[in-house]
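Enquirer: Okay, handing you the structure first.
The values are calculated or read from the model by the stated rules, or taken from the named source; none is laboratory data. Worth saying up front: this structure is predicted, and the values here are computed from it rather than measured. Glycine also receives a Cβ, built like all others from the backbone with ideal geometry; neighbour counts cover every protein chain displayed.
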């Protein structure tokens with residue numbers, strides 16, 4: 001269900017991005033990307049990990065059928081969400097002069113960054129309500145929130161960009177956050193009506209949930225800080241056009257693969273948490289997830305790589321054609337990402353906060369350094385090469401740590417599947433660099449068909465896995 005919802009949300013997002021690209025150009029997209037990165041950084045620093053840390057406690061009450069305690073902890077989460085909203089607003093006001101000084105060499109954008117505080121506050125409230133719906137299995141409501149929020153983003157932002165041009169970027173970000181918050185509370189409050197309460201005991205009980213989410217907060221803050229640092233560096237060394245190009249290339253590659261990773265978070269992580277203390281069961285669960293993710297994602301990556309010369313001008317504008325080569329090479333990073341993600345979740349399932357934070361910080365530091373070096377020597381194309389190199393190194397680090405710390409062992413089957421699919425991906429990229437015209441399209445189509453046929457053949461051999469996939473597809477249909 002969430003895979004299907006992600007597809008719809010991505011399609012809606014592509015429509016919005018098309019309007020942004022046509023109305024604002026690469027420079028406008030770069031400016032919007034800088035503001036959004038600052039918003040995400042502030043949100044991750046101040047949301048207190050409520051959206052992750054609150055879920056286990058609420059789930060426990062929900063599973064036991066303890067309605068009284070469930071209602072109590074819902075009130076606790078809503079209280080702490082309001083506190084996080086106030087904290088996020090104040091944080092944006094305080095850091096706005098420093099972000100402006102660091103990110104721009106022209107103009108004064110302090111007020112623009114300060115206004116992100118409104119968006120951060122709305123996101124904190126939305127995060128608390130989403131945690132409530134996740135813990136109480138309101139999956140249908142969550143799916144509707146995701147779709148309607150994406151639609152609201154189009155309805156709100158496009159008129160502002162059309163009439164106000166660059167001046168509409170800040171109001172659009174703020175109003176989209178407000179719209180998302182209103183949609184979220186509309187569904188959440190329908191399930192669990194809002195009752196405000198405050199006491200010292202509620203603060204204490206909430207702090208226990210927040211401690212569980214601190215590792216998520218810090219790791220996410222490091223990630224957001226890295227994204228903001230990268231975009232600020234590109235803006236200072238290149239310009240807003242370079243930031244816009246990088247943002248489009250990153251979004252095309254990471255968002256597309258994100259459909260699989262989003263489903264992984266909602267389905268795979270709870271299953272892994274249930275067996276995380278058993279090394280054999282953990283290995284089996286992780287390896288199965290790697291197999292199915294790799295086999296399902298690889299054909300999509302080959303097809304996307306081949307279609308980029310058509311997709312980018314169609315989804316954005318011809319101004320963004322210089323990002324095609326960067327995006328094509330960056331797609332190869334997703335082969336490493338799909339191997340890394342399931343293994344990285346072992347640390348989360350074990351609740352090893354400090355190792356998780358250190359591994360995430362190391363990965364982000366490598367990515368930032370790689371992109372800076374790549375951009376300095378090869379421009380936008382170099383950022384794509386840097387993404388591949390950093391994700392390959394991240395896989396080595398994560399695998400070695402899991403091998404040593406959790407006794408994780410991969411299988412020869414995974415090595416074989418990854419080797420063949422990665423080879424097809426590299427061949428597709430080589431063809432994109434060396435061929436053109438009918439030769440390009442015929443060869444790329446043959447490689448996409450070969451990747452699809454190989455994945456389907458392996459999945460059909462694994463009878464139980466194939467039957468399970470078919471059952472899920474039928475349920476969605």
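Enquirer: Of the conditions (1) part of a helix (DSSP H, G or I); (2) within 30 Å of residue 59 (Cβ to Cβ); (3) touching a helix residue (DSSP H, G or I) at 6+ places or on another chain (Cβ under 8 Å), residue 207 clears all except one; give me its number.
Expert: (3)
Enquirer: I'm told residue 351 meets every condition in (1) in a helix (DSSP H, G or I); (2) surrounded by fewer than 21 Cβ atoms within 10 Å (Cβ to Cβ) except one. Can you identify the failing condition by its number?
Expert: So the condition that residue 351 fails would be (1).
Enquirer: Identify all residues within segment 102-120 that are part of a helix (DSSP H, G or I) and either at pLDDT below 80 or under 22 Å from residue 69 (Cβ atoms) (or both); write none if there are none. Let's see the steps before the verdict.
Expert: Applying the first criterion (part of a helix (DSSP H, G or I)) to segment 102-120 yields 102-103, 110-120.
102, 103, listed by residue number.
Enquirer: Also: Tell me which residues, restricted to segment 85-99, are modelled with pLDDT under 90 and buried (at least 21 other Cβ atoms within 10 Å of the Cβ).
Expert: Taking segment 85-99 as the starting set, the residues that turn out to be modelled with pLDDT under 90 are 95-99.
Once the filter is applied, which keeps residues that are modelled with pLDDT under 90 and buried (at least 21 other Cβ atoms within 10 Å of the Cβ), segment 85-99 yields 96, 99.
Enquirer: Still on this structure, please answer the following. Residue check, residue 4 against (1) over 15 Å from the mean Cα position of the chain (by Cα); (2) surrounded by fewer than 20 Cβ atoms within 10 Å (Cβ to Cβ); (3) at pLDDT 70 or above, all met but one. Which one?
Expert: Condition (3) is where residue 4 drops out.
To keep it simple, each residue is scored yes or no on (1) within 24 Å of residue 19 (Cβ to Cβ); (2) surrounded by 20 or more Cβ atoms within 10 Å (Cβ to Cβ); (3) modelled with pLDDT under 85.
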position	(1), (2), (3)
122	yes, yes, no
169	yes, yes, no
203	no, no, yes
219	no, yes, yes
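Enquirer: So which of 415, 410, 363, 390 is farther than 20 Å from residue 239 by Cα and not in a helix (DSSP H, G or I)?
Expert: Numbers: 415 fails: not in a helix (DSSP H, G or I); 363 fails: not in a helix (DSSP H, G or I); 390 fails: not in a helix (DSSP H, G or I).
Result of the check over 415, 410, 363, 390: 410.
Enquirer: Against the definition (surrounded by fewer than 23 Cβ atoms within 10 Å (Cβ to Cβ), outside any loop (DSSP other than H, G, I, E, B) and under 21 Å from the mean Cα position of the chain (by Cα)), how does residue 69 come out, yes or no?
Expert: Working: surrounded by fewer than 23 Cβ atoms within 10 Å (Cβ to Cβ): yes; outside any loop (DSSP other than H, G, I, E, B): yes; under 21 Å from the mean Cα position of the chain (by Cα): no.
Criteria not met by residue 69.
Enquirer: Another question about this same structure. Using beta carbons and a limit of 7 Å, which pairs, at least six apart or on different chains, have the first residue in segment 56-69 and farther than 19 Å from residue 128 by Cα and the second one loosely packed, with under 15 Cβ neighbours inside 10 Å and modelled with pLDDT of 75 or more?
Expert: As it stands, the answer is none, since no pair meets every condition given.
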